[in-house]
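A quick write-up on the structure given underneath.
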Amino acid sequence: MGIRTPDLLAKIDIPRQKLYYLEQKGFIRPQKITIGDKEFREYSEEDVRKVEYIWKYLKKGFKYKIAYEKAMEEIQNPQLSLIKTDKPA
């Protein structure tokens, strides 16, 4: 079971429109769940982790594509976060 949008927004403190933009660009792919006539997004642990790292780089001033690339690099190589002090060029 994943985490729904309001809980993710509270956990990471990312604006809703930025979260939805990450989805629109294909950086994350939440599962859509329909209950009655309402549709909810449910984010996997992997999505949550991606959002945390992408948001970290967006707050540092990186553009979305670069923030995503850096986030994926850091997720795949966690030791990089101990070495790098990236700032946008």
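The values are calculated or read from the model by the stated rules, or taken from the named source; none is laboratory data. From a predicted model like this one, the values you see are computed outputs, not experimental measurements. Here Cβ is always computed from backbone atoms with ideal geometry, including for glycine, and neighbour counts include all displayed protein chains.
One line per residue, one yes/no per condition, for (1) out of contact with any strand residue (DSSP E or B) (no Cβ under 9 Å at 6 or more places or on another chain); (2) at pLDDT 95 or above; (3) surrounded by 13 or more Cβ atoms within 10 Å (Cβ to Cβ):
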site: Pro15; (1), (2), (3): yes, yes, no
site: Trp55; (1), (2), (3): yes, yes, yes
site: Leu58; (1), (2), (3): yes, yes, yes
site: Gln79; (1), (2), (3): yes, no, no
site: Ile83; (1), (2), (3): yes, no, no
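Regarding the stretch 61-69, can at least one residue be identified that is modelled with pLDDT under 95, closer than 21 Å to Asp13 by Cβ and within 16 Å of the chain's Cα centre (by Cα)? Within the stretch 61-69 (the criterion being modelled with pLDDT under 95, closer than 21 Å to Asp13 by Cβ and within 16 Å of the chain's Cα centre (by Cα)), the answer is no, since none of the residues qualifies. Going residue by residue through the stretch 10-28, is there one that turns out to be more than 20 Å from Glu73 (Cβ to Cβ) and in a strand (DSSP E or B)? No, every residue in the stretch 10-28 fails to be more than 20 Å from Glu73 (Cβ to Cβ) and in a strand (DSSP E or B). The residue that is nearest to Leu8 (Cα to Cα), counting only those in the stretch 19-41 that are buried (at least 16 other Cβ atoms within 10 Å of the Cβ) and touching a residue at least 40 places away in the same chain (Cβ under 8 Å), is Leu22. Of all residues in the stretch 1-56, those that are basic (Lys, Arg) and out of contact with any helix residue (DSSP H, G or I) (no Cβ under 8 Å at 6 or more places or on another chain) total 3.
Identify the residue in the stretch 29-58 that is among the basic types (Lys, Arg) and part of a strand (DSSP E or B) and, among all such residues, is nearest to Ile75 (Cα to Cα).
So the first thing to find is which residues in the stretch 29-58 are among the basic types (Lys, Arg), and the list is 29, 32, 38, 41, 49-50, 56.
Next cut, part of a strand (DSSP E or B) only: 32, 38, 41.
Values: Lys32: 24, Lys38: 33, Arg41: 23 Å.
Residue satisfying both the conditions and the ranking: Arg41.
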